[in-house]
Amino acid sequence: MANKQTSIMILDDEPIVGKRLKPSLEKKGYEVESFTSSKEALERIEERAFDIVVTDLKMEGMDGMQFLTLVKEKYPDTEVIVITGFATMATARESFNKGVFDFLAKPFKLGEIVEVIARAEAKKKKDGKA
Amino acid sequence: MKILVMLDTGNYSRRIIKDVARLAKNTFADIIFLGVQENNKKPAKSLVNGLLKYQQDLYGFFPPEDLPYAEFTDRSWRETGPGKWLLTSRGMKEFSLHIRTGSVAREALALAAEVESDLIILGCSRKFGCEWDGEMNVPLRVARDAPCSVLVIKKVGKAKQIISILDQSVVSQDSLELVNQLVTLHDAGLKIVGVKEKKGKKDKIEKQMVELLKYYNELGIGAWIKLMNREEVQDYVTASSREGIVALWMGGRESLLKKLFSRSMVDKLLENTTSSLLILR
(Lines give C-alpha, C1' and ligand atoms only; values in the text may rest on other atoms or scores of the structure.)
Protein backbone atom coordinates (compact mmCIF):
# COMPACT_ATOMS: atom_id res chain seq x y z
CA MET A 1 0.00 0.00 0.00
CA ALA A 2 1.34 3.45 -0.89
CA ASN A 3 2.23 5.76 1.97
CA LYS A 4 -0.37 8.41 2.65
CA GLN A 5 0.82 11.86 1.61
CA THR A 6 1.37 14.14 4.62
CA SER A 7 -0.90 17.16 4.36
CA ILE A 8 0.28 20.61 5.41
CA MET A 9 -1.60 23.88 5.81
CA ILE A 10 0.44 27.10 5.73
CA LEU A 11 -1.15 30.24 7.11
CA ASP A 12 0.72 33.53 6.95
CA ASP A 13 -0.65 36.89 5.87
CA GLU A 14 2.71 37.61 4.23
CA PRO A 15 2.16 36.02 0.79
CA ILE A 16 5.92 35.53 0.36
CA VAL A 17 5.98 32.87 3.09
CA GLY A 18 3.51 30.57 1.33
CA LYS A 19 5.11 31.36 -2.02
CA ARG A 20 8.51 30.24 -0.74
CA LEU A 21 7.34 27.25 1.25
CA LYS A 22 4.63 25.65 -0.89
CA PRO A 23 6.72 24.67 -3.95
CA SER A 24 9.62 23.40 -1.85
CA LEU A 25 7.40 21.27 0.33
CA GLU A 26 5.45 19.94 -2.66
CA LYS A 27 8.76 18.98 -4.25
CA LYS A 28 9.45 16.92 -1.16
CA GLY A 29 6.18 15.05 -1.65
CA TYR A 30 3.93 16.89 0.78
CA GLU A 31 0.39 17.94 -0.03
CA VAL A 32 0.31 21.66 0.70
CA GLU A 33 -2.43 24.27 0.92
CA SER A 34 -1.39 27.85 1.54
CA PHE A 35 -3.55 30.66 2.95
CA THR A 36 -3.00 34.36 3.64
CA SER A 37 -6.36 34.88 5.37
CA SER A 38 -7.13 33.29 8.73
CA LYS A 39 -10.84 33.39 7.85
CA GLU A 40 -10.33 31.30 4.72
CA ALA A 41 -7.96 28.96 6.54
CA LEU A 42 -10.54 28.45 9.25
CA GLU A 43 -13.23 27.65 6.68
CA ARG A 44 -10.88 25.04 5.22
CA ILE A 45 -10.18 23.60 8.67
CA GLU A 46 -13.92 23.15 9.09
CA GLU A 47 -13.91 21.04 5.92
CA ARG A 48 -10.89 18.83 6.50
CA ALA A 49 -8.01 17.91 8.80
CA PHE A 50 -4.33 18.51 8.08
CA ASP A 51 -1.46 16.49 9.48
CA ILE A 52 0.62 19.60 10.06
CA VAL A 53 -0.38 23.27 10.33
CA VAL A 54 2.21 26.03 10.03
CA THR A 55 0.80 29.33 11.23
CA ASP A 56 1.99 32.87 11.79
CA LEU A 57 0.98 34.47 15.08
CA LYS A 58 0.39 38.09 14.20
CA MET A 59 -2.25 38.45 11.51
CA GLU A 60 -5.16 40.70 10.70
CA GLY A 61 -8.50 39.36 11.89
CA MET A 62 -8.14 36.22 13.97
CA ASP A 63 -4.61 35.99 15.34
CA GLY A 64 -2.51 32.86 15.11
CA MET A 65 -2.91 31.99 18.78
CA GLN A 66 -6.70 31.83 18.44
CA PHE A 67 -6.31 29.91 15.22
CA LEU A 68 -3.98 27.28 16.65
CA THR A 69 -6.24 26.91 19.70
CA LEU A 70 -9.18 26.12 17.42
CA VAL A 71 -7.10 23.72 15.33
CA LYS A 72 -5.85 21.83 18.40
CA GLU A 73 -9.39 21.68 19.84
CA LYS A 74 -10.83 20.29 16.63
CA TYR A 75 -7.89 18.07 15.65
CA PRO A 76 -5.71 17.26 18.70
CA ASP A 77 -3.48 15.03 16.56
CA THR A 78 -2.55 17.82 14.15
CA GLU A 79 0.97 19.07 14.81
CA VAL A 80 1.10 22.86 14.82
CA ILE A 81 4.26 24.82 14.07
CA VAL A 82 4.23 28.49 14.98
CA ILE A 83 6.25 31.01 12.99
CA THR A 84 6.48 34.57 14.16
CA GLY A 85 8.21 37.80 13.34
CA PHE A 86 7.48 39.18 16.81
CA ALA A 87 8.69 36.50 19.14
CA THR A 88 8.49 36.91 22.89
CA MET A 89 9.06 34.50 25.72
CA ALA A 90 5.38 34.88 26.64
CA THR A 91 4.11 33.93 23.19
CA ALA A 92 6.52 31.00 23.00
CA ARG A 93 5.40 29.76 26.41
CA GLU A 94 1.71 30.21 25.55
CA SER A 95 2.21 28.36 22.27
CA PHE A 96 3.87 25.40 23.97
CA ASN A 97 1.20 25.35 26.65
CA LYS A 98 -1.33 24.99 23.86
CA GLY A 99 0.56 21.98 22.57
CA VAL A 100 2.41 23.34 19.55
CA PHE A 101 5.14 21.14 18.16
CA ASP A 102 7.69 23.90 17.59
CA PHE A 103 8.15 27.64 17.60
CA LEU A 104 10.24 29.34 14.91
CA ALA A 105 11.17 32.99 14.93
CA LYS A 106 11.54 34.76 11.61
CA PRO A 107 13.77 35.08 9.71
CA PHE A 108 14.55 31.46 9.06
CA LYS A 109 16.00 29.59 6.15
CA LEU A 110 13.85 27.21 4.16
CA GLY A 111 15.96 24.26 5.36
CA GLU A 112 15.13 25.08 8.97
CA ILE A 113 11.36 24.83 8.59
CA VAL A 114 11.66 21.82 6.30
CA GLU A 115 13.65 20.09 9.04
CA VAL A 116 11.03 20.98 11.68
CA ILE A 117 8.25 19.70 9.42
CA ALA A 118 10.16 16.45 8.90
CA ARG A 119 10.49 16.04 12.68
CA ALA A 120 6.76 16.71 13.14
CA GLU A 121 5.98 14.15 10.45
CA ALA A 122 8.30 11.60 12.08
CA LYS A 123 6.62 12.17 15.43
CA LYS A 124 3.19 11.61 13.93
CA LYS A 125 4.37 8.41 12.27
CA LYS A 126 5.98 7.22 15.48
CA ASP A 127 2.79 7.94 17.40
CA GLY A 128 0.81 6.14 14.68
CA LYS A 129 -1.18 9.25 13.85
CA ALA A 130 -0.11 9.70 10.23
CA MET B 1 16.29 31.44 13.49
CA LYS B 2 19.89 30.41 13.67
CA ILE B 3 22.34 32.64 15.53
CA LEU B 4 26.11 32.37 15.30
CA VAL B 5 27.88 33.98 18.24
CA MET B 6 31.59 34.76 17.89
CA LEU B 7 33.38 34.46 21.21
CA ASP B 8 36.84 34.66 22.66
CA THR B 9 38.14 35.05 26.18
CA GLY B 10 37.87 38.86 26.18
CA ASN B 11 35.58 40.78 28.53
CA TYR B 12 33.56 42.07 25.57
CA SER B 13 32.64 38.46 24.76
CA ARG B 14 31.64 37.71 28.34
CA ARG B 15 29.46 40.85 28.44
CA ILE B 16 27.34 39.97 25.40
CA ILE B 17 26.11 36.61 26.74
CA LYS B 18 23.24 38.31 28.59
CA ASP B 19 22.06 40.00 25.37
CA VAL B 20 22.43 36.76 23.42
CA ALA B 21 20.40 34.98 26.11
CA ARG B 22 17.64 37.60 25.87
CA LEU B 23 17.41 37.13 22.13
CA ALA B 24 17.57 33.34 22.45
CA LYS B 25 14.89 33.32 25.17
CA ASN B 26 12.48 35.22 22.96
CA THR B 27 13.19 33.58 19.65
CA PHE B 28 13.98 29.99 20.68
CA ALA B 29 16.80 30.21 18.17
CA ASP B 30 19.35 27.52 17.39
CA ILE B 31 22.58 28.81 18.90
CA ILE B 32 26.09 28.27 17.62
CA PHE B 33 29.08 29.46 19.67
CA LEU B 34 32.33 29.83 17.75
CA GLY B 35 35.80 30.13 19.22
CA VAL B 36 38.84 30.48 16.96
CA GLN B 37 42.39 29.60 17.92
CA GLU B 38 45.51 30.59 16.06
CA ASN B 39 47.32 27.33 15.74
CA ASN B 40 46.80 24.09 17.53
CA LYS B 41 46.46 20.42 16.79
CA LYS B 42 43.70 20.08 19.33
CA PRO B 43 41.20 22.44 20.96
CA ALA B 44 43.02 24.72 23.38
CA LYS B 45 41.98 24.08 26.97
CA SER B 46 41.46 27.77 27.75
CA LEU B 47 39.13 28.18 24.76
CA VAL B 48 37.22 24.98 25.56
CA ASN B 49 36.75 26.07 29.17
CA GLY B 50 35.76 29.56 28.07
CA LEU B 51 33.11 28.32 25.63
CA LEU B 52 31.72 25.83 28.16
CA LYS B 53 31.51 28.60 30.74
CA TYR B 54 29.63 30.83 28.26
CA GLN B 55 27.27 27.94 27.54
CA GLN B 56 26.54 27.54 31.27
CA ASP B 57 26.10 31.31 31.62
CA LEU B 58 23.63 31.33 28.71
CA TYR B 59 21.65 28.40 30.11
CA GLY B 60 21.61 30.12 33.49
CA PHE B 61 19.58 33.01 32.09
CA PHE B 62 16.67 30.64 31.32
CA PRO B 63 14.13 29.47 33.86
CA PRO B 64 14.82 25.68 33.90
CA GLU B 65 11.31 24.89 32.62
CA ASP B 66 11.82 27.15 29.58
CA LEU B 67 15.30 26.00 28.56
CA PRO B 68 15.03 24.75 24.97
CA TYR B 69 18.62 23.46 24.86
CA ALA B 70 20.04 20.24 26.26
CA GLU B 71 23.24 19.62 28.18
CA PHE B 72 25.97 17.76 26.29
CA THR B 73 25.69 14.03 26.86
CA ASP B 74 29.47 13.85 26.88
CA ARG B 75 32.12 16.43 26.28
CA SER B 76 34.12 14.69 23.56
CA TRP B 77 34.82 17.06 20.73
CA ARG B 78 34.23 15.62 17.27
CA GLU B 79 36.83 16.54 14.67
CA THR B 80 34.94 17.68 11.58
CA GLY B 81 37.99 18.58 9.47
CA PRO B 82 41.56 19.76 9.85
CA GLY B 83 41.59 22.28 12.72
CA LYS B 84 37.82 22.03 13.19
CA TRP B 85 35.99 20.59 16.20
CA LEU B 86 32.34 20.41 17.18
CA LEU B 87 30.35 19.68 20.33
CA THR B 88 26.61 19.62 19.84
CA SER B 89 23.44 18.95 21.80
CA ARG B 90 19.86 18.67 20.65
CA GLY B 91 17.06 19.64 22.98
CA MET B 92 13.99 21.27 21.55
CA LYS B 93 16.53 23.50 19.81
CA GLU B 94 20.11 22.87 18.83
CA PHE B 95 23.05 24.23 20.72
CA SER B 96 26.55 23.75 19.37
CA LEU B 97 30.09 24.79 20.12
CA HIS B 98 32.59 25.10 17.28
CA ILE B 99 36.31 25.53 17.59
CA ARG B 100 38.28 26.40 14.49
CA THR B 101 41.88 27.15 13.76
CA GLY B 102 42.98 30.12 11.68
CA SER B 103 41.92 33.71 11.10
CA VAL B 104 38.97 34.75 13.28
CA ALA B 105 37.04 36.67 10.63
CA ARG B 106 37.64 34.12 7.89
CA GLU B 107 36.53 31.20 10.05
CA ALA B 108 33.43 33.06 11.25
CA LEU B 109 32.42 33.96 7.70
CA ALA B 110 32.98 30.40 6.52
CA LEU B 111 30.98 28.88 9.37
CA ALA B 112 28.12 31.37 8.88
CA ALA B 113 27.87 30.23 5.27
CA GLU B 114 28.13 26.53 6.18
CA VAL B 115 25.40 26.55 8.83
CA GLU B 116 23.29 29.16 7.00
CA SER B 117 23.01 31.39 10.04
CA ASP B 118 20.49 34.22 9.97
CA LEU B 119 22.49 36.44 12.26
CA ILE B 120 26.07 36.74 13.50
CA ILE B 121 26.57 38.38 16.88
CA LEU B 122 29.88 39.58 18.23
CA GLY B 123 31.04 41.98 20.88
CA CYS B 124 33.97 44.33 20.70
CA SER B 125 36.13 46.28 23.06
CA ARG B 126 35.25 49.98 23.17
CA LYS B 127 38.65 51.04 24.45
CA PHE B 128 39.93 52.18 21.07
CA GLY B 129 36.79 52.14 18.95
CA CYS B 130 35.71 48.60 18.25
CA GLU B 131 38.43 46.01 18.68
CA TRP B 132 38.53 42.23 18.80
CA ASP B 133 41.60 40.95 20.61
CA GLY B 134 43.42 44.20 19.81
CA GLU B 135 42.43 44.25 16.14
CA MET B 136 39.93 46.57 14.48
CA ASN B 137 39.92 44.38 11.42
CA VAL B 138 37.81 41.53 12.81
CA PRO B 139 34.46 43.30 13.52
CA LEU B 140 34.90 45.35 10.36
CA ARG B 141 35.56 42.38 8.09
CA VAL B 142 32.70 40.34 9.54
CA ALA B 143 30.28 43.28 9.30
CA ARG B 144 31.34 43.99 5.75
CA ASP B 145 31.58 40.50 4.27
CA ALA B 146 29.10 38.29 6.15
CA PRO B 147 26.53 36.37 4.11
CA CYS B 148 23.84 37.29 6.65
CA SER B 149 22.97 40.13 9.01
CA VAL B 150 25.51 41.04 11.70
CA LEU B 151 24.96 42.56 15.14
CA VAL B 152 28.06 44.14 16.65
CA ILE B 153 27.27 44.72 20.31
CA LYS B 154 29.14 47.70 21.67
CA LYS B 155 26.60 48.66 24.28
CA VAL B 156 24.83 45.89 26.16
CA GLY B 157 21.30 46.13 27.52
CA LYS B 158 18.02 47.49 26.23
CA ALA B 159 17.86 49.94 23.35
CA LYS B 160 15.26 52.72 23.31
CA GLN B 161 15.24 53.08 19.54
CA ILE B 162 16.08 51.02 16.50
CA ILE B 163 17.27 53.54 13.94
CA SER B 164 17.15 51.92 10.50
CA ILE B 165 18.90 53.62 7.65
CA LEU B 166 17.46 52.78 4.27
CA ASP B 167 18.53 53.60 0.75
CA GLN B 168 17.21 52.53 -2.63
CA SER B 169 18.64 49.04 -2.44
CA VAL B 170 16.46 45.96 -2.15
CA VAL B 171 14.97 45.47 1.31
CA SER B 172 14.88 41.75 2.02
CA GLN B 173 12.04 40.14 3.95
CA ASP B 174 14.65 38.60 6.27
CA SER B 175 16.04 42.03 7.15
CA LEU B 176 12.56 43.41 7.91
CA GLU B 177 11.88 40.42 10.12
CA LEU B 178 15.11 40.91 12.00
CA VAL B 179 14.23 44.57 12.65
CA ASN B 180 10.79 43.45 13.86
CA GLN B 181 12.34 40.98 16.27
CA LEU B 182 14.67 43.62 17.71
CA VAL B 183 11.86 46.16 18.08
CA THR B 184 9.85 43.51 19.94
CA LEU B 185 12.79 42.33 22.02
CA HIS B 186 13.81 45.80 23.18
CA ASP B 187 10.26 47.15 23.23
CA ALA B 188 11.89 49.96 21.28
CA GLY B 189 10.66 52.68 18.97
CA LEU B 190 11.43 52.36 15.28
CA LYS B 191 12.89 55.15 13.18
CA ILE B 192 13.35 54.64 9.46
CA VAL B 193 15.63 57.11 7.75
CA GLY B 194 15.53 57.22 3.97
CA VAL B 195 18.62 58.38 2.15
CA LYS B 196 18.22 60.14 -1.18
CA GLU B 197 20.85 60.97 -3.75
CA LYS B 198 21.52 64.66 -4.32
CA LYS B 199 19.65 64.64 -7.60
CA GLY B 200 16.73 62.44 -8.57
CA LYS B 201 15.91 59.06 -6.98
CA LYS B 202 13.66 60.86 -4.53
CA ASP B 203 10.56 59.24 -5.97
CA LYS B 204 11.96 55.75 -5.66
CA ILE B 205 13.12 56.10 -2.08
CA GLU B 206 9.91 57.92 -1.12
CA LYS B 207 7.85 55.14 -2.67
CA GLN B 208 9.85 52.57 -0.74
CA MET B 209 9.38 54.52 2.50
CA VAL B 210 5.61 54.68 1.93
CA GLU B 211 5.55 50.92 1.34
CA LEU B 212 7.48 50.35 4.54
CA LEU B 213 5.17 52.65 6.47
CA LYS B 214 2.20 50.71 5.11
CA TYR B 215 3.89 47.43 6.07
CA TYR B 216 4.42 48.61 9.65
CA ASN B 217 0.95 50.15 9.91
CA GLU B 218 -0.59 46.84 8.91
CA LEU B 219 1.45 45.16 11.62
CA GLY B 220 0.37 47.75 14.15
CA ILE B 221 3.92 49.04 14.68
CA GLY B 222 4.36 52.78 14.91
CA ALA B 223 7.32 53.83 12.79
CA TRP B 224 8.79 57.33 12.61
CA ILE B 225 10.03 58.19 9.14
CA LYS B 226 12.55 60.76 7.92
CA LEU B 227 14.06 61.47 4.52
CA MET B 228 17.49 63.06 4.26
CA ASN B 229 20.27 63.85 1.82
CA ARG B 230 23.20 61.49 1.67
CA GLU B 231 25.68 64.05 2.95
CA GLU B 232 23.69 64.38 6.18
CA VAL B 233 23.68 60.68 6.93
CA GLN B 234 27.06 60.17 8.57
CA ASP B 235 26.53 62.92 11.15
CA TYR B 236 22.99 61.77 11.75
CA VAL B 237 24.07 58.18 12.35
CA THR B 238 26.82 59.20 14.75
CA ALA B 239 24.44 61.47 16.68
CA SER B 240 21.45 59.13 16.73
CA SER B 241 23.56 56.17 17.82
CA ARG B 242 23.23 57.52 21.36
CA GLU B 243 19.54 56.60 21.26
CA GLY B 244 19.83 52.91 20.49
CA ILE B 245 20.83 50.38 17.89
CA VAL B 246 21.71 51.69 14.44
CA ALA B 247 20.65 49.35 11.65
CA LEU B 248 22.06 49.75 8.16
CA TRP B 249 20.69 48.02 5.11
CA MET B 250 23.81 47.06 3.21
CA GLY B 251 22.35 44.61 0.73
CA GLY B 252 22.02 44.98 -3.00
CA ARG B 253 24.71 45.85 -5.50
CA GLU B 254 23.24 49.30 -6.05
CA SER B 255 23.15 50.13 -2.39
CA LEU B 256 23.97 53.76 -1.82
CA LEU B 257 24.86 52.95 1.75
CA LYS B 258 27.33 50.39 0.53
CA LYS B 259 29.07 53.19 -1.35
CA LEU B 260 28.58 55.72 1.39
CA PHE B 261 29.72 53.41 4.15
CA SER B 262 32.78 52.15 2.42
CA ARG B 263 35.34 50.10 4.31
CA SER B 264 36.69 53.22 5.98
CA MET B 265 33.20 54.46 6.83
CA VAL B 266 32.04 51.21 8.43
CA ASP B 267 35.36 51.35 10.25
CA LYS B 268 34.61 54.91 11.43
CA LEU B 269 31.08 53.99 12.35
CA LEU B 270 32.22 51.06 14.44
CA GLU B 271 34.84 53.28 16.01
CA ASN B 272 32.75 56.40 16.63
CA THR B 273 29.28 55.18 17.54
CA THR B 274 28.50 54.33 21.10
CA SER B 275 25.62 52.09 20.20
CA SER B 276 25.47 48.59 18.86
CA LEU B 277 25.41 48.31 15.10
CA LEU B 278 23.21 46.02 13.05
CA ILE B 279 24.15 45.39 9.45
CA LEU B 280 21.09 44.10 7.61
CA ARG B 281 21.17 41.85 4.59
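Compare B:Arg100, A:Arg48 by solvent-accessible area with a 1.4 Å probe and give them largest first, with all protein chains kept in place.
Working: B:Arg100 5, A:Arg48 55 Å².
Reading off the accessible areas and sorting them downward yields A:Arg48, B:Arg100.
Whole Å is fine, so just give me how far the alpha carbon centre of the range B:21-43 lies from that of the range A:44-87.
One Cα centre to the other: 33 Å.
Ratio of Rg to Rh for the range A:7-125, alpha carbon only, Kirkwood? Please report the intermediate quantities before stating the final value.
Values: Rg = 12.7 Å, Rh = 14.0 Å.
Result: Rg/Rh = 0.91.
Any chance you could list P(r) for the protein assembly as shown, counting all Cα-Cα pairs in 10 angstrom bins from zero, rounded to whole %?
Spelled out bin by bin, the protein assembly as shown gives 4, 22, 30, 25, 15, 4, 0 percent.
Pop out the carbon and sulfur fraction of the accessible area of chain A as a percent, whole number, probe 1.4 Å.
On the way: 3080 of 5950 Å².
Ligands and nucleic acids excluded, carbon and sulfur reach 52 percent.
Could you tell me what a quarter of the Cα convex hull surface of the range B:1-98 works out to, in nm² with one decimal place? Walk me through the numbers before you get to the answer.
Details: hull surface 24.3 nm².
Average of the hull's projected areas for the range B:1-98 equals 6.1 nm².
Mean projection of the alpha-carbon convex hull of the range A:65-112 over all orientations, in nm²? If you can, show how the numbers build up before the last one.
Working: hull surface 13.8 nm².
Mean projected area for the range A:65-112: 3.4 nm², to one decimal.
Reported to two decimal places, what Rg/Rh ratio describes the range B:27-178 when computed on Cα atoms with Rh from the Kirkwood expression? Don't skip to the answer; put the middle values down first.
On the way: Rg = 16.6 Å, Rh = 17.1 Å.
My calculation puts Rg/Rh at 0.97.
Against the empirical 2.2 N^0.38 Å scaling, what ratio does the C-alpha Rg of chain B come to?
Details: Rg = 19.0 Å, N = 281, 2.2 N^0.38 = 18.7 Å.
Ratio of Cα Rg to 2.2 N^0.38 Å: 1.01.
Of the listed pairs A:Lys58/B:Lys155; A:Lys19/A:Lys106; B:Lys158/B:Lys226, which have alpha-carbon separations greater than 26 Å here? Before the final figure, lay out each step's value.
Values: A:Lys58/B:Lys155 30 Å; A:Lys19/A:Lys106 15 Å; B:Lys158/B:Lys226 23 Å.
As for pairs spanning more than 26 Å Cα to Cα, those are A:Lys58/B:Lys155.
Relative contact order for chain B: what is it in percent, counting Cα pairs under 8 Å that are at least 6 residues apart? Working shown, then result.
On the way: 522 pairs, mean separation 51.4, N = 281.
After rounding, I find 18 percent.
Using a 1.4 angstrom probe on the protein heavy atoms only, line up B:Thr80, B:Thr184 by accessible area, largest first. List each step's numbers first, then the result.
Numbers: B:Thr80 70, B:Thr184 35 Å².
Ranked from most to least accessible, the order is B:Thr80, B:Thr184.
On the accessible surface of chain B, probed at 1.4 Å, how many percent belong to carbon and sulfur atoms?
Working: 5870 of 12140 Å².
After summing per-atom areas, the C and S share lands at 48 percent.
The values are calculated or read from the model by the stated rules, or taken from the named source; none is laboratory data. Everything numeric here is computed off the predicted structure, so don't read it as measured data. For accessibility, only protein heavy atoms count, side chains too; no ligands or nucleic acids. Shrake-Rupley method; radii C 1.70, N 1.55, O 1.52, S 1.80 Å.
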